[in-house]
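Encoded as structure tokens, the structure appears first; notes follow it.
The values are calculated or read from the model by the stated rules, or taken from the named source; none is laboratory data. This one's a predicted model, so the numbers in the text were calculated from it and none came from an experiment. So basically every Cβ, Gly included, is an ideal-geometry build from the backbone, and we count neighbours across all protein chains shown.
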Amino acid sequence: MKTWAYVFISTRQPKKVLRQVRIIPGVVHADAIFGSPDVIAIVRGKDIADMDAVIDRIAEIEDIIQTDTKVARWVDDVDLALSSSMPGSSS
């Protein structure tokens, strides 16, 4: 079963945190956004435990103040290869 989530990240260093989040295996896509939170990431795993390990790695980044995670439901037919199909992506 595919498992994925949106991770909302608050930080005082969005550019630095964004670079660190993007290199974590299991992060499908991440962007800095205007307003609060400062960064949003889409993460995936083969199951909840695998996805949770990715989220734990994000939460360990030094400059992160807070994270809020929302697990997606009903994603069986969703292609998670977002970063390779989005215009302007550099992956």
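Listing for the model above:
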{"read-out": "Residue in the stretch 70-77 that is charged (D, E, K, R) and within 11 Å of Val7 (Cβ to Cβ) present", "value": "yes"}
{"read-out": "Hits in the stretch 50-69 (condition: among the small types (Gly, Ala, Ser) and closer than 14 Å to Trp4 by Cα)", "value": "Ala53"}
{"read-out": "Positions within the stretch 55-91 being within 14 Å of Val27 (Cα to Cα), of a type in the set (S, T, N, Q) and modelled with pLDDT of 95 or more, in sequence order", "value": "Thr69"}
{"read-out": "Those residues of the stretch 56-76 which are among the aliphatic types (A, V, I, L, M), closer than 12 Å to Ile9 by Cβ and either surrounded by fewer than 16 Cβ atoms within 10 Å (Cβ to Cβ) or in contact with a Leu (Cβ under 6 Å, 6 or more places away or on another chain) (or both), in sequence order", "value": "Ala59, Ile65"}
